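Data first, discussion second: the structure below is written as structure tokens.
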Amino acid sequence: MSALLQAEGLDLRFGAVRALDGVAISIWPGEVVAIVGESGSGKSSLLRVLAGMQRADAGAVLYRDAAGATHSILDASDAALRRLMRSDWGFVHQNARDALRMEVSAGGNVGERLMAAGDRHYGHIRQVAAHWLERVEMDPARMDESPKNFSGGMQQRLQIARTLVTNPRLVFMDEPTGGLDVSVQARLLDLIRGLVADLGLAVLLVTHDIAAARLLAHRIVVMRHGQVVEEGLTDRVLDDPQHPYTQLLVSSVLAA
Amino acid sequence: MYVSVKGGETAIGHAHAWLAEARRGDTALPELSTAQIEQQLSLAVDRVMAEGACADRGLAALALKQARGDSTEAAFLLRAYRTTLPRFGYALPVDTGAMAIHRRISSTYKDLPGGQVLGPTFDYTHRLLDFALEAEGLPPPPPATEAAEEAGRMPQVTAILAQEGLMAPDLASHAEPPDITREPLAFPANRALRLQAMARGDEGFLLSLGYSTQRGYGNAHPFVGEIRMGEVRVEIEPPELGFAIDIGDIMVSECQMVNQFAGTAEAPPQFTRGYGLVVGQNERKAMAMSLVDRALRAPELGEAATAPAQSPEFVLYHCDNVESTGFVEHLKLPHYVDFQSELEKIRAIRARWFAERAP
Amino acid sequence: MTEIATTPRPLAGYNFGYLDEATKRMIRRALLKAVCIPGHQVPFGAREMPLPYGWGTGGIQVTSAVLGPSDVLKVIDQGADDTTNAVSIRRFFSRVAGVATTESTAEASIIQTRHRIPETPLREGQILVYQVPMPEPLFKLEPRVAESTKLHALADYGLMQVKLYEDIARQGEVGTSYNHPVMVNHRYLMSPSPIPAFDNPKMHMNAGLQLFGAGREKRIYAVPPYTDVRSLDFEDHPFKPVRAPHACAICGSAESYLDEVITDDAGGRMHVCSDTDYCASRPPLEDAP
């Protein structure tokens, strides 16, 4: 079985700063890979490059779709990237407000991708939207409310519902629990874990939170100064870190 | 018997007759001549020429007379006339360095070669209404002694800065310039197109936007490097001749604003230019234009572009006052058919609203 | 009734139809491109005209480009031939082209219109020229032209469908009573111009050629004869043309689009056909007011 997404030799500079330095990463169907590191490690840049939102200076990113065709992401057209992001892929932003349409109702937000894909049955769209709101543990009766009335945690659940409605194969998540209360984070992580398991999603998750990585990820990739310093099965890397930096990361979590 | 409202033709006829009467005003007073308008209301004429995009003082004066002094209406008349004129070429870029100077000032240097030439400016007047001007038959003011200076002794400030490498030079080009009257504006719009649109844009709109950049909406710390106003030669190069010929002089106002720039990894810190050039004596417009030009350069210079003056679509789609007045004023046209649909719609929605709440 | 114009030769100093031939050629090229890609907005170098932007300069330029000496021109605004702006435009073409003009839809070869489609169906060979204020159907949802251009290129119209969804969720029905967007030839989302939603069905499979001119926004688009034109809706909330539920007080029509006329201070009102030619061509009711 070949990888869903495979990247090699990724380089990216911002002026004198090397955001990515020879980075390689792969993800297989149905697996969750966490990319961890401090701020400035390059993890967000990596996610953006993999999702086609930022062009790398060098390297290759290849995506294999359901039909087995390979797409080169770094030189894909705007149109091709938009199509991917609308169907096969999903992107969960750290800040739900960046992804939601705040002037559109919750139901409209969830239904948008269905409508963009050609669904023209109002009743059906509402049915699917209600289903997904329940899946993310929200009350479907609030479907017609504006997201402005929702708490941060609820807006994030709404964003997740909006992303999953077209059954994407690969979901990019950028600090999905960042900026939320600790208890809210815990419930959200639980939700994500359940959804990922049920739907067999492949997830590329960027986080600085080691505990979240341990809870959700099969594999973990540790980044520092734009380079991958260690990677492997989550339990192995976190229980038996080899690289001094990983040891530092893991020990700081235990101490806290 | 219901008679539907007819007689649109007659109404228009009457309206035109009343308009002609209002335009002439009190017939006991002498009629204003276009020559008087051209001479004694010359700044109004200059504004109409600039916004009408047609450098002809006589026509602009006529337009003002016909428009009863409404400068936007006059600019519209001039634009419509311009549409009928054949276009047989484009001029070479005018050399403002060789301008016959009427006015030349710089706020970046206390003194410079050629000096500060104030010219015929309101700048240092005291804004006190001069009731002496109400009288007629006054003796004309004595001629000013300051003659137009020769250009050779007046290097441009931006050239002085460029000598030291402090100002990014603008490259000369002999390519045919884009023409927004032939091809519609498309985005991204390059600088030549942006300047062209602003040169004929509404002075008030550009003034407000320029002002906004000074108040924090896209602030770039401007200094007036140089303002020049005077006559420049207009030259064309007919293909049959293969060399340039001089077809006349026009008055222009030019403003070069000097702004800061932090530099990038590839380019060292330098001053950057905001540029304004307008036909006629239109200094306020040239200055405003140069502020907005600099604001619109934000993306090219790697700066965040969040303010209205920094949005090319916002600035360029709304700066043409002939377009804006047309669309704003079109609201006066009958819209009753659409309004009828709205009436039916709101009645239906209200019926449903009340029905849902009926006990 | 066809009347021969009183100025048989065009105004001295102006080309036939006002625009010079090079400009007409430019507009015709844009029109040809528009006809080849139904519903797609084609940018064109719109000129300043002697009437203001927003008052029909786009329609006038299209008419000027297709008008010939043997054409018969009808101009309507709000469905009527004698509203002031229709009069003004018809007069303009009389002066600069000297063509025959008419108030009869059946006798016209070119009909320039603002905000209505005539009730009398068009024949093959007739041209309907629409005056368009805002050619971009998405402009209220996405004012940036650079972005809406991309959406059209990608046929990405989810945004508009979401807007319709929101209307139904909020008020039980679609909110656009006029300028209701249509899908043309199964590909391009198009603004039909501010015609009442009632008129939308007339665009579908029309025997005539429909041309759209937006002067201020500098766009031309077209719907060739017998083209599929569908108003955006949902399968379970289909598009419904809406008209006042009355009959015309003059001719009795229960099918045509009606104007509501206020007759007195006490709220008295009556309804008459908006299309004055259609109304006049039918026998008046015995008890017509």
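Derivation of every value follows stated rules applied to the coordinates shown; laboratory data play no part. Note that the structure is a prediction, hence the values are computed from the model and not measured. Positions of Cβ are backbone-derived with ideal geometry, glycine not excepted, and every protein chain shown enters the neighbour counts.
Couple of notes before you dig in:
- Largest GNM mean-square fluctuation across A:Arg193, A:Arg219, A:Arg162, computed for chain A with C-alpha springs under 10 Å, falls on A:Arg193.
- Choice from B:Ala172, B:Ala286, B:Ala74 showing the highest fluctuation, given a GNM over chain B with Cα pairs closer than 10 Å: B:Ala172
- Centre separation in Å (Cα based) which lies between region C:84-116 and region A:175-191: 67 Å
- Residue pairs, from the table B:Lys345/C:Lys140; C:Lys24/C:Lys163; B:Lys332/C:Lys202; B:Lys345/C:Lys24, whose Cα atoms sit over 31 Å apart: C:Lys24/C:Lys163; B:Lys345/C:Lys24
- Distant-in-sequence amide contacts of A:Gln94, defined by a placed amide H-H separation under 5 Å and a gap of 5 or more residues or a different chain, comprise A:Asp174.
- 0 to 90° range, to nearest 10: angle between helix B:283-296 axis and chain B longest Cα axis: 90 degrees
- Translational diffusion coefficient (Stokes-Einstein; Kirkwood radius from C-alpha pairs) of region C:243-289 at 25 °C, 0.890 mPa s, in µm²/s: 227 µm²/s
- Of B:Arg182, B:Arg273, the sequence from fewest to most neighbouring Cβ atoms within 10 angstrom is B:Arg182, B:Arg273.
- Helix B:336-357 and the longest principal axis of the C-alpha atoms of chain B enclose an angle of approximately 60°.
- All-pairs alpha carbon distance profile, chain C, 5 Å steps from 0, percent: 1, 6, 11, 16, 18, 16, 13, 10, 6, 3, 1, 0
- Taking the convex hull of the alpha carbon positions in region B:135-238 and averaging its projected area over all directions gives 13.2 nm².
- Normalised contact order of chain A, rounded percent, pairs of Cα under 8 Å and 6 or more residues apart: 27 percent
- Rounded to the nearest 500, the helix-only mean residue ellipticity at 222 nm of chain C stands at -7000 deg cm²/dmol, with each DSSP H run of n ≥ 4 adding -39,500 (n - 2.57).
- Distance in nm between pseudo-label sites at B:Ala20 and C:Glu260 (7 Å out along the Cβ direction from Cα): 4.2 nm
- The ranking of C:Asp77, A:Asp174, B:Asp111 from fewest to most other beta carbons within 10 Å of each one's beta carbon is B:Asp111, A:Asp174, C:Asp77.
- Compactness of region C:74-173, taken as the C-alpha radius of gyration over 2.2 N^0.38 Å, stands at 1.46.
- Residue exposure sequence - A:Met115, B:Met49 - by fewest surrounding Cβ within 10 Å: A:Met115, B:Met49
- Cα extents for region C:147-289 along the principal axes, largest to smallest and rounded to whole angstrom: 56, 37, 32.
- Computed 3J(HN,Hα) for region C:267-280, one whole-Hz value per residue from the Karplus formula 6.51 cos²θ - 1.76 cosθ + 1.60 where θ = phi - 60°, is x, x, 8, 9, 10, 9, 4, 6, 7, 5, 5, 4, 5, 5, glycine and proline marked x.
- Cα point-scatterer Debye curve for chain A, base-10 log of I(q)/I(0) at q = 0.09, 0.14 Å⁻¹: -0.40, -0.96
- Spatially proximal aspartates and glutamates relative to C:Lys218 (Cα-Cα < 13 Å; intrachain offsets below 8 disregarded): B:Glu183, B:Glu323, C:Glu48, C:Glu136
- For chain A, the 222 nm mean residue ellipticity estimated from helices alone, with every DSSP H stretch of n ≥ 4 adding -39500 (n - 2.57) and the total spread over all residues, rounds to -11500 deg cm²/dmol.
- 0 to 90° range, to nearest 10: angle between helix B:203-214 axis and chain B longest Cα axis: 70 degrees
- Rounded if a/c under 1.5, otherwise prolate or oblate - region B:15-83, Cα gyration tensor axes: oblate
- Overall, the ratio between the Cα radius of gyration of chain B and 2.2 N^0.38 Å, rounded to two decimals, is 1.23.
- Candidates A:Gly107, A:Gly42, A:Gly200, ranked by Gaussian network fluctuation over chain A, Cα under 10 Å, top entry: A:Gly200
- Normalised by 2.2 N^0.38 Å, where N is the number of residues, the C-alpha radius of gyration of region C:99-143 stands at 1.50.
- Residues whose placed amide H lies under 5 Å from that of C:Thr101, excluding near-sequence neighbours: C:Glu3, C:Ala5, C:Leu73
- Overall Cα dimensions of the protein assembly as shown, principal axis frame, Å, largest first: 103, 90, 57
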